[in-house]
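What follows is a set of notes on a single structure, which appears directly below.
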Amino acid sequence: MKFTTKINKHFLIVKKSFVDKEGKLLRYTLPIGSELVYYKGLRRGAIVKILVLRRLLKFKVITYSTDKHKLYFNDIHKDGNFFGIRFWSHRHTVEKSAVEDDKTIITDEVTFTTRNRLLDFILGIFVRVHFNIRTIKYKLFF
């Protein structure tokens, strides 16, 4: 699933919010009923712990790259059981708009599986709802 949001802010402002060690943007975009438990900044190997519906989930940033036009990182579900999800990958791309200098494009690409088609379909509905709300939250935050 891929979700793209166009932000009316310069890339460097948006990038700064993503790499903020306090995690203000991350806290703001979490689903309702979630709490950021552990976060020390964004880098390769970073661990993020989130309490979702009273279940502790651990994510690890496995790739991270940045330059003056683009920020890319991918986090995977490392530990914790959440509705039978066996694999979760969330790829984040934040890039300067090629057309408008003062705009930024944020892309969230999510892949997951429980290894059960019906459960994947049902959870997919919730994932889509969350990320559609997240696109609105991005616009409100910036």
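Here, each number is a calculation from the coordinates, and none is a lab measurement. These numbers were taken from a predicted model, which means no experiment stands behind them. When we count neighbours, we look across all protein chains shown, and the Cβ atoms used for this are built from the backbone with ideal geometry, even at glycine.
Within a straight-line Cα-Cα reach of under 16 Å, LYS58 can be paired with the following lysines, leaving aside sequence neighbours fewer than 8 residues apart in one chain: LYS40, LYS49, LYS78.
Treating only the Cβ atoms of Lys and Arg (+1) and Asp and Glu (-1) as charged, compute the dipole magnitude of region 1-122 about its Cα centre; round to the nearest 20 debye. Numbers along the way, then the final one.
On the way: 25 positive and 13 negative charges, 79 e Å.
It works out to roughly 380 debye.
Computed from Cα positions, the angle between helix 117-141 and the longest principal axis of the chain comes to roughly 30 degrees. Our coupling estimate for region 25-42, obtained by passing each phi through the Karplus curve with A = 6.51, B = -1.76, C = 1.60 and θ = phi - 60°, is 5, 4, 4, 5, 9, 5, x, 4, x, 10, 9, 6, 9, 8, 6, 10, x, 9 Hz, Gly and Pro reported as x.
Considering only TYR28, TYR64, TYR39, and ranking their Cα positions along the charge dipole of the chain that arises from unit charges at the beta-carbon of Lys, Arg, Asp and Glu, the one farthest toward the positive end is TYR39.
Full extension of the chain between TYR72 and LYS58 yields a length gain of 3.1 nm, computed as 0.36 nm times the residue separation minus the alpha carbon distance. Here's the list of aspartates and glutamates a cross-link from LYS103 could span, going by alpha-carbon distance under 13 Å and ignoring same-chain residues fewer than 8 apart: GLU95.
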